[in-house]
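Structure record follows, encoded as structure tokens.
Bear in mind that the values in this text are calculations on the coordinates, not laboratory data. The model shown is predicted, which means the values in this text are computed figures rather than measured ones. Cβ placement follows ideal geometry from the backbone for every residue including glycine, while neighbour counts extend to all protein chains displayed.
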Amino acid sequence: MNLERYELKAGIELEAFEFVSIGSKGKIKKLVQFQETNYKGVYNLGFGDKNIETGEIDDTVISNNGDSEKVLATVVATLYAFLDKHPNALVYATGSTKSRTRLYQIGISKYLDEVEKDFEIEGEINNKWHIFEKGKNYDAFLVRLK
Amino acid sequence: MKTKKINTRKKPIVIIDKSLDFYNNISLFPEKVEKANQMLKNVGLPMFDEKGKLVS
């Protein structure tokens, strides 16, 4: 993916990342966190906006900052960095809403040929995992290094 | 054991900021993690064969 992306900052463990979206609504601080679930080696990918005034993180807000492709490319970049540090991890991702999950799906589909070179991507439909295919609606995704 | 190596061309440059390690023991997205735990409990993890192909 030779898309433009934002500069990333991360902690030493590469489990928490921060970047700043710059667009029509100004600067918005974004946080990405890979947090281990109850299943060893399976991490949830969380992503949201940080409210500068309150410090609260909101993963439901719709930023509309006009840079969604660059933001998505940056989140994918965190996956590369995280999985480089944790090569045997599985990363679970789903949207905070159905429409956001659909956005993730559209993003994966758009760059599938490229990301498939590095990642195995499974999608969950009706309580079953399937190899990710374009044009199918999934409820959640699992990503791992090939 | 197969060694997994990432395509370094795609690996981003990351500036290390130790203040972000503050979040390592804090769940920033607890609802999402709980949702993931519930879903994985109900569905389980995908099964892979020896070649890493999905079998279920």
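Each part gets one Cα centre, and for region B:18-47 versus region A:19-40 those centres are 14 Å apart. Taking label positions 7 Å along the Cα-Cβ direction at both residue B:49 and residue A:102, the computed distance is 3.6 nm, reported to one decimal. Relative to the longest principal axis of the Cα atoms of chain A, the long axis of helix A:68-85 lies at roughly 60 degrees. About its Cα centre, region A:9-145 has a charge dipole of approximately 260 debye under the convention of +1 per Lys or Arg Cβ and -1 per Asp or Glu Cβ, with nothing else charged. Per-residue packing, averaged as other Cβ atoms within 10 Å, sorts the ranges A:98-110, B:15-27 into the order A:98-110, B:15-27, beginning with the highest. Between 0 and 90 degrees, the angle of helix A:98-110 with respect to the longest Cα principal axis of chain A falls at about 70 degrees. Farthest towards the positive end of the charge dipole of chain A, among the residues A:73, A:31, A:19, is the Cα of A:73, using unit charges on the Cβ of Lys, Arg, Asp and Glu. Counting Cβ atoms of other protein chains within 10 Å of each residue's Cβ and taking the mean over peptide A:83-92 gives 3. Summary value for chain A: 20 percent relative contact order, contacts being C-alpha pairs under 8 angstrom separated by 6+ residues. Mind running the shape call on the protein assembly as shown? Use the C-alpha gyration tensor, a ≥ b ≥ c as the square roots of the eigenvalues: rounded below 1.5 for a/c, prolate if a/b tops b/c, oblate otherwise. Rounded, since a/c falls under 1.5.
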